[in-house]
Amino acid sequence: MIRHFSLSDLNAILKIERESFPKSPYDRMTFIHLHSLYPEHFFVYTGTTSGKEDRIWGYIIFSPEGHIISLAVLPGQRKKGVGKQLLRRAMEVPHLKGLQAEVRRSNLGARAFYLRMGFRIVGAVSNYYGNEDALIIQWTPSVPKSH
Ligand SMILES: CC(C)(COP(=O)(O)OP(=O)(O)OC[C@H]1O[C@@H](n2cnc3c(N)ncnc32)[C@H](O)[C@@H]1OP(=O)(O)O)[C@@H](O)C(=O)NCCC(=O)NCCS
């Protein structure tokens, strides 16, 4: 199930964030701030593991302009369609002109995921992550959404 993030989800989100971005995880205050800025664009995916309901398996947060600030899935729940469903939830937002994200050049898994989801690489920023380049990736709806 996909639902909006609430502050009681914070510890679960921080665990996924640390396991997904060990080099540069966002901290608690950053998520609280992002939630205050974009409460309508912060979603979590909940699933069931061995009978325990409502565990958070992944999340996405993006700006109203379509900039994906973070998207991550718990390592043990990857390759099951969770990321796809979260991204599709973002793609369905009315009035969205498209989605963009930065991905580490070395993040081959995320690159494959985004390309599979219809994104294309539109540029690169040297040393965006200090000592590593970012690739700029973008998705635009095949039928542009009206205002
Ligand atoms: C990238 C990420 C969000 C993908 O989530 P996921 O739940 O594993 O992805 P899905 O299972 O929904 O995969 C959707 C499609 O992408 C493909 N895909 C996903 N991860 C892939 C990988 N590592 N290599 C190749 N293809 C991959 C899947 O095979 C699937 O294709 P299909 O539709 O043909 O079956 C997840 O790997 C992750 O959290 N990575 C660490 C954080 C990160 O890098 N985030 C992105 C940068 S913002």
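Computed from the coordinates by the stated procedures, all read-outs in this text should not be read as laboratory data. On a predicted model such as this, the values are computed, not experimentally measured, just so you know. Heads up, the Cβs are rebuilt from the backbone with ideal geometry, glycines too, and the neighbour counts pull from every protein chain shown.
Observations on the model:
- Test: residue in segment 25-38 that is over 15 Å from the mean Cα position of the chain (by Cα), basic (Lys, Arg) and within 14 Å of the ligand (Cβ to nearest atom): no
- Checked against (1) buried (at least 16 other Cβ atoms within 10 Å of the Cβ); (2) over 11 Å from the mean Cα position of the chain (by Cα); (3) not aromatic (Phe, Trp, Tyr), Gly58 passes all but a single condition, namely (2).
- Criterion: farther than 20 Å from Glu19 by Cβ, surrounded by 18 or more Cβ atoms within 10 Å (Cβ to Cβ) and free of Cβ contacts under 8 Å to residues at least 60 places away in the same chain - qualifying residue of Ala110, Ala134, Ala124, Ala72: Ala134
- You will find that of Val103, Val82, the residue that is closer than 24 Å to Ile137 by Cα, near the ligand (Cβ under 8 Å from one of its atoms) and touching a Lys or Arg at 6+ places or on another chain (Cβ under 7 Å) is Val103 and no other.
- Taking the numbered list (1) among the small types (Gly, Ala, Ser); (2) under 21 Å from Trp139 (Cβ atoms); (3) more than 8 Å from the ligand (Cβ to nearest atom); (4) in contact with an Asp or Glu (Cβ under 9 Å, 6 or more places away or on another chain) in turn, Ala72 passes all entries but (3).
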